[in-house]
Amino acid sequence: MQALSNPNEWIEKYPALRPVIKAQPVLWLNPDKKRVSDSFPLPLGKADMEKGQAFMDQYALYIAKIFPETAATHGQIFSPLSTLDKFSSLRSRGVHKISGRFFLKCDHALPVAGSIKARGGFFEVLHFAHQLAASEGFIHENETADFSQPEIKALFSRYTIGVGSTGNLGLSIGIISAKLGFRVNVYMSHDAKEWKKNLLRKNGAHVIEEEGDFGVAIAKGRKETTRNPLGYFVDDENSSRLFLGYSLAAYEVQKQLNQLKINIDEEHPLFVYSPCGVGGSPGGVMFGLKMIYGDAVHSFFAEPTHSPAVLTGLITGLKEKISVHDIGLDNLTEADGLAVGRPSAFASEIIKKLVSGIYTIEDSALFQLLKELNDTEQIFIEPSATAGLMGPEQVLASTYLSKNKIDPSKVTHLAWSTGGDLVPEKTRKQFLQRSDHIQVKF
Ligand SMILES: *Cc1c(COP(=O)(O)O)cnc(C)c1O
């Protein structure tokens, strides 16, 4: 990115950047959002999702076998949908009353990886494994391989999977790759938590610790892995596979809302709030839901005030060509899952057309939400995963509903909880104590 030297130059060029550069919390509404019904080209479509789901169904038995904790869901990577009545009434005591129903999609409880990364990560690695087995003649493209077959395991053991991560993507890719018999190198940024690195090592992954942030870790991982002729790099900054894997969560939401007899249409819309790092997981989920519910879905992303990677990319239109460092931010946040400075190129292109808005949130607010959710609903999630919980009050306080002629009482709100189940007890206590002495104004 050609650097503009001082913040004022940026602000002059892009006035919406003013609060972003100052690391102030902001809600930005996307002026370029398109209506899905005005069909416009997207790099993926519903047919890709259907094929993707069929692929995951095909390998569900294998997943259930290697990860017994998924046996109860027959090898499906599945998470519950929880009501948030108590949390919602606590939050409604503040300035903004939350009208409409409020749910939590509990991806913090996803099996094996304990975060939303299980969706994208498992999808991409299984896909690579399938294609490798097919290209080496073990199966035809449309057959299902038996990955536990010794000859296939021997083949996989010659290959190295690489990934750059702030923690959770590394856990997901590391655990499943090692289980399949691949060698796996996880390039971890400086903010990756020690317990995540230890857990990976325990599972047989090779952890490479970087001094720098996510951008540094992913660049090194990409360089070293692609140099290896038997290497495969899971590229969080540009992966359509991860994206498609995340999108399949939409089928689950559809089933769960149907079971609850909650009808979604343009008059009774679904508002979804997702914590956002590079934009892959929130983008994938949004894309999937739009393919099912069209314009009845309104999607909002939440980023830390110090790491608004996707927001900066969209306001400037520079997408992956700009990082938060370019506008003078430090990319330092306790929300390790969101600590990225540059958005995914693949995801940004889609997000630009579909996202309703993005808000930024301070770390102190994340810890407050973490504690409030724990106290009211007895649900523990990690700091990154809490960012969506502030969505309803943010959006209800804005002009968004009146502009779109939406009756607030007819909205179903869905905050996406993205990680937390694997956090050790000691760390949980520390996180919960963090908010004891914080007084946050909302
Ligand atoms: C990775 C992650 C996110 C964000 O996903 P991106 O694909 O980077 O946008 C959100 N929450 C948690 C807990 C994560 O690990």
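FYI, it's all coordinate maths here, none of it is from the lab. Because the structure is a prediction, the values reported are computed rather than measured. FYI the Cβ positions are ideal-geometry reconstructions off the backbone, even for glycines, and counts take in every protein chain you see.
Counted by Cβ distance under 13 Å from LEU104, the other residues give a net charge of 0, where Lys and Arg count +1 and Asp and Glu count -1. Per residue, the average separation of C-alpha pairs within less than 8 Å and at least 6 apart gives the stretch 156-277 a relative contact order of 25 percent. A full extension of the chain between LYS410 and ASP330 corresponds to an added length of 24.8 nm, given 0.36 nm per residue minus the alpha carbon distance.
When the alpha-carbon atoms of the chain are used, the pair Rg, Dmax equals 20.8, 63 angstrom.
Counting each DSSP H run of 4 or more residues in the chain as -39500 (n - 2.57), what helix-only mean residue ellipticity at 222 nm follows after dividing by all residues, to the nearest 500 deg cm²/dmol?
Value at 222 nm, helices only, nearest 500: -12500 deg cm²/dmol.
PRE reach from SER364 (point 7 Å along Cα→Cβ): which of the stretch 319-335 fall under 18 Å by backbone N? Residues 332-335 qualify, since their backbone N sits under 18 Å from the label point.
Taking a point 7 Å from the Cα of SER402 along the Cα-to-Cβ direction, the residues of the stretch 73-109 with backbone N closer than 16 Å to it are 96-97.
Which residue fluctuates most in the GNM of the chain (Cα springs below 10 Å): LYS179, LYS22, LYS255? Answer for the Gaussian network model of the chain: LYS255.
Taking R0 as 41 Å, what's the FRET efficiency between GLU266 and LYS321 from their Cβ-Cβ distance, rounded to 0.05? Before the final figure, lay out the partial values.
On the way: r = 35 Å, r/R0 = 0.86.
E between GLU266 and LYS321, to the nearest 0.05, is 0.70.
Taken along the Cα-to-beta-carbon direction at a fixed 7 Å, the label points for THR73 and LYS223 span 3.8 nm. Taking R0 as 22 Å, what FRET efficiency do you get between ASP436 and GLU209 from their Cβ-Cβ distance, rounded to the nearest 0.05? Rounded to the nearest 0.05, the efficiency is 0.10. Shown for the stretch 112-177 is the translational diffusion coefficient from the Stokes-Einstein equation, using the Kirkwood radius over Cα pairs, a temperature of 20 °C and a viscosity of 1.002 mPa s: 170 µm²/s.
What does the C-alpha gyration tensor say about the overall shape of the stretch 213-336? Classify as rounded when a/c is under 1.5, otherwise prolate if a/b is larger than b/c, or oblate. In terms of gyration-tensor shape, oblate. Taking the average, over residues, of other Cβ atoms within 10 Å as the packing measure, peptides 212-222, 294-304 rank 294-304, 212-222 from highest down. Taking Cβ atoms as reference points and 14 Å as the exclusive limit, the residues near SER39 contribute a net charge of +3, counting Lys and Arg as +1 and Asp and Glu as -1.
Strictly over 28 Å apart at the Cα level, which of LYS290/LYS405; LYS319/LYS426; LYS352/LYS429; LYS105/LYS153 would you flag in this model? In this structure, LYS319/LYS426; LYS352/LYS429; LYS105/LYS153 exceed 28 Å between Cα atoms.
Just how many % of Cα pairs in the stretch 117-242 lie over 23 Å apart, if you round to the nearest whole percent? Within the stretch 117-242, distances greater than 23 Å cover 26 percent of Cα pairs. Once the Cα-Cα distance is subtracted from the 0.36 nm per residue extended length, the ARG428 to GLN24 segment shows a gain of 142.7 nm. With each label modelled as a point 7 angstrom along the Cα→C-beta vector, the ASP375-ASP295 pair spans 4.2 nm. Here's how it looks for PHE102: its modeled amide H is under 5 Å from those of LEU84, HIS413, which are all 5 or more places away or on a different chain.
The GNM of the chain, with springs linking C-alpha atoms under 10 angstrom apart, assigns the highest mean-square fluctuation among LEU389, LEU90, LEU373 to LEU90. Within the listed set THR225, THR386, THR427, the residue fluctuating most in the Gaussian network model of the chain (springs between alpha-carbon atoms under 10 angstrom) is THR427. Fraction of C-alpha pairs exceeding 23 angstrom in the stretch 284-412: 39 percent, rounded to a whole number.
Against the chain, whose longest principal axis is taken from its Cα atoms, helix 249-259 shows a tilt of about 60°.
If you add up the charges near PRO304, with Lys and Arg at +1 and Asp and Glu at -1, over every other residue whose beta carbon is less than 9 angstrom from its beta carbon, what do you get? Result for the neighbourhood of PRO304: -4. Amide hydrogen proximity for ALA145: with H placed 1.01 Å from N in the peptide plane, no residue at 5 or more positions away or on another chain lies under 5 Å. By its C-alpha gyration tensor, with a ≥ b ≥ c as the square roots of the eigenvalues, how is the stretch 29-106 shaped: rounded for a/c under 1.5, else prolate for a/b larger than b/c, else oblate? The shape class here is oblate.
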